[in-house]
Amino acid sequence: MTAPTITGVTPDAATQRDIYRRMALIKANDERARKVIRAGKLVLPYYSPRGQEVIPSALSVLLTNDDYICTIYRGIHDMLAKGVPLKDLWAELAGRVTGTCKGKGGPMHITHPKSGVMVTTGIVGSSMPIANGLAWASQIKGDGRVTVAYFGDGASNIGAFHESLNLAAVWKLPVVFVCQNNEWGEHTAYEKATSARQIADRAVGYAMPGARVDGNDPFAMYAAAKDAVDRARAGGGPTLIEAMTYRFHGHVLGDADAYMDKARKEAAVAADPVPRFRAHLIAEGIATEAELAEVEAAIEAELDEAVAHALASDYPTVEELACDVFAPEAVVGEAA
């Protein structure tokens, strides 16, 4: 772990413990998901976020339930860090009626407005224009909300990225664009598809601050996120953060990842940010081994309950196909 590199603002002990709890939850949830799917208990496409736990954990401690996030199909860690309840999340993964979208969204479209998770999208880069819309609404209302748009490095090459950054800068929208650069766009290496030396450099073209940080360092990530969130909340407009990280697994569960450089992957796994930050907390006297073990045991128990709840829940009925498609006539009439 290193000292903050952006603002010099260090999270206090309680915040560091909170960051670790979120990281541990993401790691444990990922391990449980892969285990349950491989055991044949659930069938679903699964995109592992292992290796990227720090980014949403260090950022989400700066957000409230009222703040929004928009994320992508490899964003289950973003949802967990923001506070989507495990039972609701797992029920949606299982396609059950007790899920966040009553089982009709599935793993690629998890939405939970109560915790501020406004959309999970399967369309590359589409988190950004949606985030702009939410941020614009917040600006008009003056409600002080901040919206975070998460996306991958591959999404920085599509039109929605450039259009969204331009509009957000012109209107000074309270949005934070967070590129989780894990060096892979599906099966394509960063350097084979992106001409820019670093994505953060593109912020200059839209007259907004841009920061490239070590997304596996909780202190660097927290410092950069605090700058951006504070600026957005104060009316200073958007920020682009490029958080450098590495994807531990293939694009989707079942991908043998033979295209990934073996030595590079091994080095990334050896520097796993979760046990590294855990060791830091103990070494600095911020938490004891027993305290962290208690946190981890509580997470495992909560996962046991969530998985059992999901598997025991009913599938949506055929009648649900016609629900949540059109607004009820009474609501339409009131709007008119």
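The values are calculated or read from the model by the stated rules, or taken from the named source; none is laboratory data. What you are looking at is a predicted structure, and each value in this text was computed from that prediction instead of being measured. A quick note on method: Cβ atoms are made from the backbone with ideal geometry, for glycine too, and the neighbour counts reach across all protein chains shown. Just so you know, the surface numbers come from the protein's heavy atoms only, side chains and all, with ligands and any DNA or RNA stripped out. Shrake-Rupley method; radii C 1.70, N 1.55, O 1.52, S 1.80 Å.
Below are the figures for this structure:
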item: Percent accessible area from carbon and sulfur atoms, segment 13-313, protein chains only, probe 1.4 Å; result: 55 percent
item: Listed residue (103, 282, 241) projecting farthest to the positive dipole end of the chain, Cβ model; result: 241
item: Alpha-carbon Rg/Rh ratio, for segment 200-300, with Rh computed the Kirkwood way; result: 1.07
item: For the chain, projected area of the alpha-carbon convex hull averaged over all directions, nm²; result: 18.2 nm²
item: Relative contact order (percent, whole number), segment 25-101, Cα cutoff 8 Å, 6+ residue spacing; result: 29 percent
item: Placed amide H near residue 68: partners under 5 Å, 5+ positions off or other chain; result: 146, 147, 148
item: Exposure ranking of 212, 34 by accessible area [1.4 Å probe, largest first]; result: 212, 34
item: 10 Å beta-carbon shell around residue 238, net charge (K/R +1, D/E -1); result: +2
item: Between segment 97-166 and segment 20-91, the Cα center-to-center distance that results, in Å; result: 16 Å
item: Near-label residues of segment 151-192 by backbone N, under 19 Å of a point 7 Å along Cα→Cβ of residue 264; result: 152-157, 179-192
item: Ranked packing of 187-200, 89-102, most packed first, by mean Cβ within 10 Å; result: 89-102, 187-200
item: Phi to ³J(HN,Hα) by Karplus 6.51 cos²θ - 1.76 cosθ + 1.60 over segment 230-240, Hz, x for Gly, Pro; result: 4, 4, 5, 5, 8, x, x, x, x, 9, 10
item: Peptides 296-308, 41-53 ordered by average Cβ neighbours within 10 Å, highest first; result: 41-53, 296-308
item: Dipole magnitude of segment 13-313 about its Cα centre (Cβ charges: Lys, Arg +1; Asp, Glu -1), debye to nearest 20; result: 640 debye
item: Segment 43-186: Lys pairs at Cα distance under 19 angstrom, eight or more positions apart or on different chains; result: 8
item: Where labels lie 7 Å past Cα in the beta-carbon direction, separation of residue 308 and residue 137 in nm; result: 3.7 nm
item: Cα shape, segment 122-243, gyration tensor, a/c 1.5 rule; result: prolate
item: Karplus-derived HN-Hα couplings along segment 127-135 (A = 6.51, B = -1.76, C = 1.60, θ = phi - 60°), whole Hz, x at Gly and Pro; result: 5, 6, x, 5, 4, 4, x, 5, 5
item: Residue-averaged 222 nm ellipticity for the chain, from DSSP H runs of 4+ at -39500 (n - 2.57), nearest 500; result: -13500 deg cm²/dmol
item: Charge context of residue 67, other residues only, Cβ under 13 angstrom, K/R +1, D/E -1; result: 0
item: Descending Cα extents along the principal axes, segment 1-90, whole Å; result: 47, 30, 21
